[in-house]
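Student: Provided herewith is a single structure, encoded as structure tokens, for subsequent inquiry.
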Amino acid sequence: MTERTTATEHTGFLLFLALVTLGVTIIVLPFAAPLLWATLAAIMFQPLHQWILAKWPGAHNRAAGATMLVITFAVLLPAFWIGTKVVEEAASVFQAFQDGEIDVAAWFAQIFAALPQQIQQTLAEYGLGNFNLVQTRLEELATESAGLIARQAVAIGGGALSLFLAFGVGLYVTFFLLRDGTKTGKAIVQALPVNKKIATLLAERFLAIVRATIKGTGIVALIQGMLGAITFWIVGMPSIALFGVLMGIFSLLPAIGPAIVWLPVAIYLLATGAIWEGVLVLISGVAVIGMVDNALRPILVGRDTGIPDWIILVTTLGGIASLGIAGVVVGPLLAGLFLAGWAMLKEQREVMAE
């Protein structure tokens, strides 16, 4: 057999492999989201599965089933309950704007009147003293934000069968990834068409970034959202579940984070005469909610990602814009692999130069 024939056969096989891979990708694409979340869940709970497996040596199915029970009661059921409350409160806010029950102009007028005269003049010069204009803009923003959640609730209800199917696929895949994930991961690393050392380093980097990102964003967001909801409950604010979830979401943004939510609320409370409530929100926002990120993120994440904050911010926002909530993990993950890949290329060039 000539070298030319061998090269042609090899090229043909690679073409066949590429076409088959493309076909499988197209087929499973409708289930991309549940497959992604199943993979992330399996990665995060693999240490727990291994611990349970050590208690039941050889009982892989039982260990995976027990881990799934933990995931269900510790993650899924609380998430469903919180999601239901948020959808209800978002729908109520959306309806209140539609019915005119929320008078943003009156609120803005109260806050504007409580400001010093010099600040009032400055705001008026920039056109921010026009209550009707401000009301229109804020109503558009609030209606769009709350209405988005309300419309998503309707969409979920209308596609209940698709949601149920995707949820079932996610749970099913999570079980098998927990049970066989270690062997599957090793097989994928060995099959990658790159140097085995580089493939192993990339796999380790992948796992480290996934775990660090989920711990650093998920746990911190959960705690900050809970603290914000408790604070708003104490001062008597409505829709505390909605506010708590919003603070958890905005905690993904470095520097400002949940302050996007609690600071305007504190200003409104102070301007409308609710002094102790406004002061409490300020103290809680600065000394409690704000310090959670500084105290917990280094412990939970450490230096595992090695990604600068500004890159995390940009890739997180870009990931959310492109992929929805999954972009919270996928964005920083791709950024981490991008930086790791170029760092490895640099090391290889330095070695070759020597």
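Student: Need the C-alpha centroid separation for segment 186-264 versus segment 1-57, integer Å.
Tutor: 26 Å
Student: Moving on. Per residue and in Å³, how big is the convex hull formed by the alpha-carbon atoms of segment 208-247?
Tutor: Each residue corresponds to 41 Å³ of Cα convex hull volume.
Student: Right, here's the next one. Which percent of the accessible heavy-atom area of segment 197-251 goes to carbon and sulfur, probe 1.4 angstrom?
Tutor: On segment 197-251, the fraction of accessible area on carbon and sulfur atoms equals 80 percent.
Student: Sticking with this one: Holding the Cα-Cα limit at 24 Å, pick out from 55/183; 186/346; 55/197 the pairs that are longer than that.
Tutor: Details: 55/183 20 Å; 186/346 26 Å; 55/197 33 Å.
186/346; 55/197, as the Cα separations exceed 24 Å there.
Student: Which ³J(HN,Hα) values in Hz, rounded to whole numbers, follow from the phi angles of segment 263-270 under the Karplus curve 6.51 cos²θ - 1.76 cosθ + 1.60, where θ = phi - 60° and Gly and Pro get x?
Tutor: Residue by residue, segment 263-270 yields 5, x, 5, 5, 4, 4, 5, 5 Hz.
Student: Across segment 228-239, in residue order, what do the Karplus-derived ³J(HN,Hα) couplings come to in whole Hz, using 6.51 cos²θ - 1.76 cosθ + 1.60 with θ = phi - 60° and x for Gly and Pro?
Tutor: x, 5, 5, 4, 5, 5, 5, 8, x, 6, x, 6
Student: Using the Kirkwood radius over Cα pairs, work out the Stokes-Einstein diffusion coefficient for segment 1-64 at 20 °C and 1.002 mPa s, in µm²/s as a whole number. If you can, show how the numbers build up before the last one.
Tutor: Details: Rh = 15.5 Å.
In µm²/s, the coefficient is 138.
Student: Right, something else. Starting from the coordinates of the alpha-carbon atoms of segment 188-290, obtain the Kirkwood hydrodynamic radius over all distinct pairs and give the value in Å to one decimal.
Tutor: Details: mean 1/r = 0.0645 Å⁻¹.
Here the Kirkwood hydrodynamic radius works out to 15.5 Å.
Student: Report the accessible area of residue 284, computed with a 1.4 Å probe over the heavy atoms of all protein chains in place, in Å² rounded to the nearest 10.
Tutor: 10 Å²
The values are calculated or read from the model by the stated rules, or taken from the named source; none is laboratory data. Just so it is clear, the model here is predicted, and its values are computed rather than measured. Keep in mind that these areas ignore ligands, DNA and RNA; they rest on the heavy atoms of the full protein, side chains included. Shrake-Rupley method; radii C 1.70, N 1.55, O 1.52, S 1.80 Å.
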